[in-house]
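Colleague: Shown below is the structure under consideration.
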Amino acid sequence: MKGRRKIILAVAVLLIVISGSMLLWDYLRQHESEKIYEELASQVEETTETAEEAETEEEYVSPINFEELWAINEDVVGWLTIPGTVIDYPILHDPESNETYLYEDIEGNRTSSGSIYLDCDNAADFSDLHNVIYGHHMRNGTMFKDIMKFREQDFLEEHQEAYIYLPDREIRLRPFACLYTGSDGIRRMTKFDDEETFQAYVAEMTKGSSAYIEPEQDVERLFSFVTCSYEFDDARTILYAYEVTESAGQETAESAVVSE
């Protein structure tokens, strides 16, 4: 009997050691990934001013050095920045699967924080009417945890800018709706038969939002930022944003001049 107890105790101790080692390994991997993204983000900040100085009306100069990012991982398709949050990350895309970057960082390391990534059914150039981008809800505040803040009306109203930088252009976004919901497949629908179907989809997906601002223009292209939520099993919090078109910006400016 004593011998059996010793064996059970030894096995229990071994399991604790293995479990602790795995947790430590995951923590170190996650910390390493965070450092990688922080360094990349700092490089972006350093190059932004240079890009702004070099840009002319005829030529777009991206603040992101995509050549350097592609040297690390060819699956990088853009860079997402949401001012006023910690969200400042490269966007990766595997057209074959949404599992690849669920738990893999930009350097291919296995980590619980994974990467920010574009849905596999989306075109890599963000040309679909609906573009779906995923990120983990990390307890330490990294990745897409700040998406949760947009569920508050005040926060949404105070954070009306988001940007996706591409090699050849910049996509300016305006967040307008946020809610928690299920993970139903319809939430990642990317193809639509016609404009009427798409507009009906936008209305249906944003219905019941806890925070909402009426769009200042027609929603010509929809972006959704998806992260895990914990209100019920398999819940998701989704922030919806639309692309701000140049014509809409001109109309706003003209309206301001008229009002003056």
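Colleague: Whose amide H sits under 5 Å from the amide H of Gly78, counting only residues 5 or more places off or on another chain, with H placed in the peptide plane?
Modeller: Ile91
Colleague: Please work out the FRET efficiency for the pair Tyr230 and Asp168, using the Cβ-Cβ distance as r and a Förster radius of 41 Å; give the result to the nearest 0.05.
Modeller: Details: r = 39 Å, r/R0 = 0.95.
It comes out at approximately 0.60.
Colleague: Ranked highest first by average number of other Cβ atoms within 10 Å, how do 175-181, 80-86, 146-152 line up? List each step's numbers first, then the result.
Modeller: Details: 175-181: 21.9, 80-86: 17.6, 146-152: 19.7.
Ranking, from highest mean packing down: 175-181, 146-152, 80-86.
Colleague: Continuing with the same structure: Pop out the carbon and sulfur fraction of the accessible area of the stretch 177-252 as a percent, whole number, probe 1.4 Å.
Modeller: On the way: 1850 of 3990 Å².
Summing carbon and sulfur atoms, their accessible area is 46 percent of the total for the stretch 177-252.
Colleague: Next question. Using 0.36 nm times the number of residues separating Tyr103 and Ala203, minus their current alpha carbon distance, what extension gain do you get? Don't skip to the end; give the middle numbers.
Modeller: Details: separation 100, 0.36 × 100 = 36.00 nm, distance 3.21 nm.
Separation in residues times 0.36 nm, less the Cα-Cα distance, equals 32.8 nm.
Colleague: Hey, another quick one. May I ask for the net charge around His137, where only other residues with Cβ less than 10 Å from the Cβ of His137 are counted and Lys, Arg are +1 while Asp, Glu are -1? Could you put the intermediate results ahead of the total?
Modeller: Working: positive: Arg139, Lys145, Arg236; negative: Asp146.
In short, +2.
Colleague: Suppose R0 equals 35 Å. What FRET efficiency, 1/(1 + (r/R0)^6) with r the Cβ-Cβ distance, do Ser210 and Ala124 give to the nearest 0.05?
Modeller: The formula returns an efficiency of 0.65 here.
Colleague: For Lys191, Lys145, give the ranking by accessible area with the largest first, probe 1.4 Å. Can you show the working numbers first?
Modeller: Numbers: Lys191 115, Lys145 70 Å².
From most exposed to least exposed: Lys191, Lys145.
Colleague: Another question about this same structure. In terms of modelled amide H atoms, which long-range or inter-chain residues lie less than 5 Å from the amide H of Val244?
Modeller: Arg172, Leu173, Arg174
Colleague: Here is a further query. Thr190 to Glu74: extension gain in nm, 0.36 nm per residue of separation minus the Cα-Cα distance? Walk me through the numbers on the way to the answer.
Modeller: Working: separation 116, 0.36 × 116 = 41.76 nm, distance 2.32 nm.
Result: 39.4 nm gained on full extension.
The values are calculated or read from the model by the stated rules, or taken from the named source; none is laboratory data. Values in this document were obtained by computation on a predicted structure and should not be read as measured data. No Cβ is skipped: glycine too gets one built from the backbone with ideal geometry, and neighbour counts run over all protein chains shown. SASA here: full protein model, heavy atoms, side chains in, ligands and nucleic acids out. Shrake-Rupley method; radii C 1.70, N 1.55, O 1.52, S 1.80 Å.
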